[in-house]
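Notes follow the structure.
All of the numbers you see were taken from the coordinates with simple rules; none came from a lab. Predicted model only: the values in this text are computed from it and were never measured. Glycine also receives a Cβ, built like all others from the backbone with ideal geometry; neighbour counts cover every protein chain displayed.
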């Protein structure tokens, strides 16, 4: 088996597997509108929404420059999510109760 076929066979299942569509139009303005509606204080919901959007963005047939532009725009929102998560963790009393876990 030649090396190119092995490489393309390895990469294609993840692309075929994802049937998720982007939750916003594939442009920066639509992404910013979607980001403004995220539940940033609920990190589980925001994490799931970002995960789905990320999977769809990787699988979607978009221009690479659009993907990079959207990825660049996500940096501030991801930093805010990390800050919220760190604040919750720092304020948690250990060991976590069943409600917190």
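Quick notes on this structure:
- Residues that are loosely packed, with under 15 Cβ neighbours inside 10 Å and farther than 14 Å from residue 27 by Cβ, drawn from region 65-79: 75, 76, 78, 79
- Of the residues making up region 22-56, just one is in contact with a helix residue (DSSP H, G or I) (Cβ under 6 Å, 6 or more places away or on another chain), outside any loop (DSSP other than H, G, I, E, B) and over 20 Å from residue 82 (Cα atoms), namely 28.
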